[in-house]
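Readers should treat all values here as calculations from the given coordinates under stated rules, not as data from a laboratory. Nothing here was measured: the structure is a model prediction, and the numbers come from that model. Note that we place each Cβ from the backbone using ideal geometry, even for glycine, and neighbour counts take in every protein chain shown.
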Protein chains: 2
Amino acid sequence: MSDLRDHVVLLVGGVGGAKLALGLAEVLPTGSLTIIVNTADDFEHLGLHVSPDLDTVMYTLAGLANPLTGWGVEGDTFRAIEMVGRYGGPTWFRLGDSDLGTNLLRTVMLREGHTLTEITRQLCGALGIQHPILPMTDHTVQTWLDTDQGPLAFQEYFVRERWQPVVHRIRFVGAEEARPSEAVHEALEAASLIVFGPSNPFLSIDPILALPGVREQIAASDAPCVALSPIIGGEAVKGPAAKLMAELGVDVSPVGIVTHYRDLLDGIILDRVDSELRQPIEALNVRAMAEQTLMETREDKIRLAEKILNWAEENFE
Amino acid sequence: MSDLRDHVVLLVGGVGGAKLALGLAEVLPTGSLTIIVNTADDFEHLGLHVSPDLDTVMYTLAGLANPLTGWGVEGDTFRAIEMVGRYGGPTWFRLGDSDLGTNLLRTVMLREGHTLTEITRQLCGALGIQHPILPMTDHTVQTWLDTDQGPLAFQEYFVRERWQPVVHRIRFVGAEEARPSEAVHEALEAASLIVFGPSNPFLSIDPILALPGVREQIAASDAPCVALSPIIGGEAVKGPAAKLMAELGVDVSPVGIVTHYRDLLDGIILDRVDSELRQPIEALNVRAMAEQTLMETREDKIRLAEKILNWAEENFE
């Protein structure tokens, strides 16, 4: 019988997901963890192909991430973007100077014909990252939000408008014509445990699930699928998840998360403050564990990753 | 009769020429100076359109230039290029972080279809520069050097190989099909005085003269044409001019400069250490003035610019 820790596949977006990625990366040996990252937030800015979620996960695993913001490079400066501003150019997306180095090189390599998967592999290798970080696809998928201010591209909504517009609908433009990369398909095929990170279900996990075949592959997999709730006590740890769920008429709680993922989930880890929700969730045939889920320190991340793996082994093997 | 100071047109490359450009910019009122800049050193690097000479002149006139190197932005950092290096990418061309801001915006604007002339006008305007800085052309011209190490593109020769290869021949690829911009043509048409800056005649001024019609326009102009010698006491103030002249079999002296520019020059300003060369130069029907030509301080630049204008007025009006 295969060990549940043999091949853990984690699906994530940016900052929150990266924290669990770091915890699992510390706990699992090389070869036992693959991280699939949302790329529907990717966009072209100042002529560069920017991949915010990929870089957040990469910097986090490389120990380079800014601990205050969760994204960008620790101690980074903003001289380039300030110079752009001096000329009257756009400054609403604050790319740091070190971060620009990443984006410059990625953009050049994409133009040379390398895939985002191959480029990410090379960049991560240079930073000494042991576990594969996979963009969900090598095709272009772009999140658009229909809001009370009209349709907005993801970064316009998220960064420029600070997620204040009211969202009616979310669209993943290009998803139907896109394909998950071969590496993503193989990772899911080999999965012994699938984990949805504490990322925004609507903006970070859904784009991955929207790729043709991915939802079906997860549903058909023998591997149990568990999620770490991004909602704690009715609020998102970070970002627009709670606000968005309310706007879309979804229960802003781990129950809403379980309902949203529908038939995919076998289990959910929710925070202790929500422990009274274990019962209604288990009534939906989804196992639930209440834990201290806020990950502030490195130790928090490792401890939570270990707990999730132990709990999954106890419940699903 | 038109005043010789009415419309001075300065032809330059990078660092040396920028010094005289600053001097003239301080002495002449707005509307009386146009600076035409070599763009045959421009190249694509890390996906960016880099215009080293344009930026050197722009930063110098904006008071932003690094006083130690003459190029780049004072106090600039190199985080982006260091990050590129961390991934194993190319670091031989050291673009500073602020400088990257300029290059990012220029590249985006070029892709949007703006001309280099229009972009340079906008960037210079944002930096408060009063005098027009004109790229010599909106077309692509690229300096190539045939050397003992084979053919090298300009920046490979100049930066990567630190101008150590021996040069047999210099080619301005694309010059024959290029055209000077309309603004350059009009400036030369309106010129009351044409000045060749103390730039490398072979690498900085010749590309401008190689554009169809420019040499003819200068030769036919009523405006006197004077050069400031980049060679002092048999040596170049900076860069490969002296080494290159020797390799090409040209006399490494102001006499060699005069001979090189042939029929174009009416006068030359040479350094006091070369004052014994005034006579042989005047025998070639070119007026010569010996002056203290090293420009270290801001005051040096202003003083020399004033002297050149006064001398030209005395001799050519």
Q: Quick one: which residues, 5 or more positions from residue B:268 or on another chain, have an amide H under 5 Å from its amide H? H modelled 1.01 Å from N in the peptide plane, none for Pro or chain starts.
A: B:227, B:287, B:288, B:289
Q.
Between residue B:317 and residue A:114, what is the label-point separation in nm under the 7 Å Cα-to-beta-carbon projection?
A. 6.2 nm
Q) Taking the simple approach of a point 7 Å from Cα along Cα-to-Cβ for both residue A:251 and residue B:62, what is their distance in nm? A) 5.7 nm
Q. Which of A:50, A:62, A:38 sits closest to the plus end of the dipole of the range A:38-82, meaning its Cα is farthest towards the positive end, when Lys and Arg get +1 and Asp and Glu get -1 on the C-beta?
A. A:62
Q: Please work out the C-alpha center-to-center distance from the range A:1-48 to the range A:64-106 and express it in whole Å.
A: 23 Å
Q.
Against the 2.2 N^0.38 Å scaling, with N counting residues, where does chain B land? I'd like the Cα-based Rg ratio to two decimal places.
A. 0.95
**Q.** Dmax and Rg, reported as Rg then Dmax, of the protein assembly as shown (C-alpha, Å)
**A.** 31.4, 105
Q) Does the range B:172-317 classify as rounded, prolate or oblate by the C-alpha gyration tensor (a ≥ b ≥ c root eigenvalues; a/c under 1.5 gives rounded; else a/b over b/c gives prolate, otherwise oblate)? A) oblate
Q) Is the range A:78-235 rounded, prolate or oblate when judged by the Cα gyration tensor, a ≥ b ≥ c being the square roots of its eigenvalues, rounded requiring a/c under 1.5 and prolate requiring a/b larger than b/c? A) oblate
**Q.** At 0.692 mPa s and 37 °C, Stokes diffusion of the range A:1-106 via Kirkwood alpha-carbon radius, µm² per second
**A.** 219 µm²/s
**Q.** Nearest-first distances (nm) between copies at residue B:161, label 7 Å from Cα via Cβ
**A.** 5.5
Q) Relative contact order (percent) for chain B, with alpha-carbon contacts under 8 angstrom and 6 or more residues of separation? A) 20 percent
Q: Please give the FRET efficiency for residue A:235 paired with residue A:303, using the beta carbon to beta carbon distance and R0 = 25 Å, rounded to the nearest 0.05.
A: 0.65
Q | For the B-to-A rotation axis, chain B residue with nearest beta carbon and its distance in angstrom | A | B:97, 2
Q. ³J(HN,Hα) across the range B:40-53 via Karplus (A = 6.51, B = -1.76, C = 1.60, θ = phi - 60°), whole Hz, x for Gly/Pro?
A. 6, 8, 4, 7, 8, 9, 6, x, 10, 8, 9, 10, x, 6
Q) Relative to the Cα centre, what is the charge dipole magnitude of chain A, using +1 at the beta carbon of each Lys and Arg, -1 at the beta carbon of each Asp and Glu, and rounding to the nearest 20 debye? A) 680 debye
Q) Which far-off residues, 5 or more places away or on another chain, put their amide H under 5 Å from the one on residue B:45, with H placed in the peptide plane? A) B:50
**Q.** Inter-copy separations for residue A:149, label at 7 Å along Cα-Cβ, nm, ascending
**A.** 5.3
**Q.** Residue among B:71, B:17, B:290 farthest towards the positive dipole end of chain B, charges placed on Cβ
**A.** B:71
Q.
Under 10 Å, Cα contacts only: if you run a Gaussian network model on chain B, which one of B:153, B:283, B:25 comes out with the highest mean-square fluctuation?
A. B:283
**Q.** Distance violations [Cα-Cα > 22 Å] among B:243/B:301; B:19/B:307; B:243/B:307
**A.** B:243/B:301; B:243/B:307
**Q.** Distance between the range A:160-179 and the range A:260-279 - C-alpha centres, whole angstrom
**A.** 25 Å
**Q.** chain A - mean residue ellipticity at 222 nm from DSSP helices (-39,500 (n - 2.57) per run, n ≥ 4, rounded to 500)
**A.** -10500 deg cm²/dmol
Q: Report, largest value first, the span of the C-alpha coordinates of the range A:22-171 along each principal axis, in whole Å.
A: 47, 36, 35
Q. Which loop GluC sites (Glu not before Pro) in the range A:187-247, with loop taken from DSSP, have no more than 14 other Cβ atoms within 10 angstrom of their Cβ?
A. none
Q) Do any GluC sites (Glu not before Pro) in the range B:113-183 lie in a loop, going by DSSP, with at most 12 other beta-carbon atoms within 10 Å of their beta carbon, and if so which? A) B:176, B:177
**Q.** Tail beyond 19 Å, pair distance distribution of the range A:242-317 (Cα, percent)
**A.** 42 percent
(Q) I need the inter-copy label distances for residue A:128: point set 7 Å along Cα to C-beta, values in nm with one decimal, smallest first. (A) 4.5
Q | Of A:126, A:159, A:143, farthest towards positive along the dipole that unit charges on Lys, Arg, Asp, Glu beta carbons give the range A:45-177 | A | A:159
